[in-house]
1. Can you tell me which residue is farthest from Asp68 (Cα to Cα) among those in the stretch 38-50 that are in a loop (DSSP other than H, G, I, E, B) and within 40 Å of the chain's Cα centre (by Cα)?
2. Could you please give the count of residues in the stretch 51-60 that are part of a loop (DSSP other than H, G, I, E, B), under 21 Å from Ile21 (Cβ atoms) and at pLDDT 80 or above?
3. Regarding Asp138, is this residue open to solvent by 60 Å² or more (accessible area, probe 1.4 Å) and modelled with pLDDT of 75 or more?
4. Of all residues in the stretch 178-205, count the ones that are acidic (Asp, Glu), open to solvent by 50 Å² or more (accessible area, probe 1.4 Å) and part of a helix (DSSP H, G or I).
5. Restricting the first residue to the stretch 196-219 and requiring it to be within 19 Å of Gly154 (Cα to Cα), which pairs with a second residue that is among the polar types (S, T, N, Q) meet a Cβ separation below 7 Å and a spacing of at least six or different chains?
6. For the stretch 148-177, which positions are surrounded by 14 or more Cβ atoms within 10 Å (Cβ to Cβ) and either in a helix (DSSP H, G or I) or among the aromatic types (Phe, Trp, Tyr) (or both)?
7. Kindly evaluate Ala124 against the criterion of being open to solvent by less than 100 Å² (accessible area, probe 1.4 Å) and within 26 Å of the chain's Cα centre (by Cα).
8. Restricting the stretch 1-19 to residues that are open to solvent by 70 Å² or more (accessible area, probe 1.4 Å) and within 36 Å of the chain's Cα centre (by Cα), which is modelled with the highest pLDDT?
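The values are calculated or read from the model by the stated rules, or taken from the named source; none is laboratory data. Please read these numbers as outputs of a predicted model, since none were measured by experiment. Cβ sites come from the backbone with ideal geometry, for glycine too, and all protein chains shown count toward neighbours. Remember, those area values only see protein heavy atoms, side chains included, never the ligands or the DNA or RNA. Shrake-Rupley method; radii C 1.70, N 1.55, O 1.52, S 1.80 Å.
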Amino acid sequence: MTQTSSFTIANDAGAAVRARINEVIAALQSTSAGASAPSAAVAGMLWVDTSVSPPVLRRRNATNTGWDALLDAVGNLAGLSNNAVARTNLGLGSMATKSAADYDTEIAAKAALSGATFTGVVTAPNFVSSSDARLKSDVETIAGALALVSALRGVRFTMDGSRQIGVIAQEVQAVLPEVVRADAQTGQLSVAYGNITGLLIEAVKELSARVAELEEARL
């Protein structure tokens with residue numbers, strides 16, 4: 001049984017890499033596969049061990065004294081007896097020996113961001129905030145909403161090289177401290193613009209009531 005020539009898998013998109021890996025495996029199966037290990041083994045040599053089903057892909061260790069399993073009997077990298085060796089052989093990090101379920105868990109954890117900070121523009125079809133009554137306590141209607149709105153200042157400004165409109169966090173903090181957040185490390189202030197909506201709703205209602213009173217007085 002002879003060893004195939006060396007293969008180089010380029011740093012490419014996922015589909016292209018998978019296709020190239022399949023080509024390498026196919027070549028190995030044709031020339032370096034069998035129920036017994038190759039007799040003329042060299043360090044780094046690959047062998048498809050067909051003594052088990054499904055076959056296991058093995059790699060000759062650096063000292064040329066044994067074979068390390070790269071893929072286990074179920075076709076993935078989970079459950080290997082020596083994860084550290086597998087990671088080293090593959091040149092990958094800790095995710096190299098995780099199952100598909102572990103990948104899903106890792107991805108879900110990264111998707112459930114908490115206290116994340118982004119720079120630049122973040123775009124999405126919709127941003128939804130948690131607002132269930134069961135999550136809240138000490139709920140009270142905002143009083144004097146119109147006066148609070150009057151105390152705020154809308155401004156035009158330049159930030160990150162572009163003209164924008166909004167408010168100044170320090171000014172808002174003096175009026176509505178609930179919507180201002182300070183970075184624990186830098187002290188930089190941010191404003192939860194969406195949380196100002198409740199104030200605007202109550203301000204419009206107050207203004208509407210005043211208009212109604214004026215209209216009644218004119219009759």
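1. The selected residue is Thr50.
2. Total meeting the criteria: 1.
3. For Asp138, the condition - open to solvent by 60 Å² or more (accessible area, probe 1.4 Å) and modelled with pLDDT of 75 or more - is met.
4. Matching residues across the stretch 178-205 total 1.
5. Pairs found: Glu202/Thr141.
6. Hits for the stretch 148-177 are Leu148, Val149, Ala169, Glu171, Val172, Gln173, Val175.
7. It is true that Ala124 is open to solvent by less than 100 Å² (accessible area, probe 1.4 Å) and within 26 Å of the chain's Cα centre (by Cα).
8. Here the residue is Arg18.
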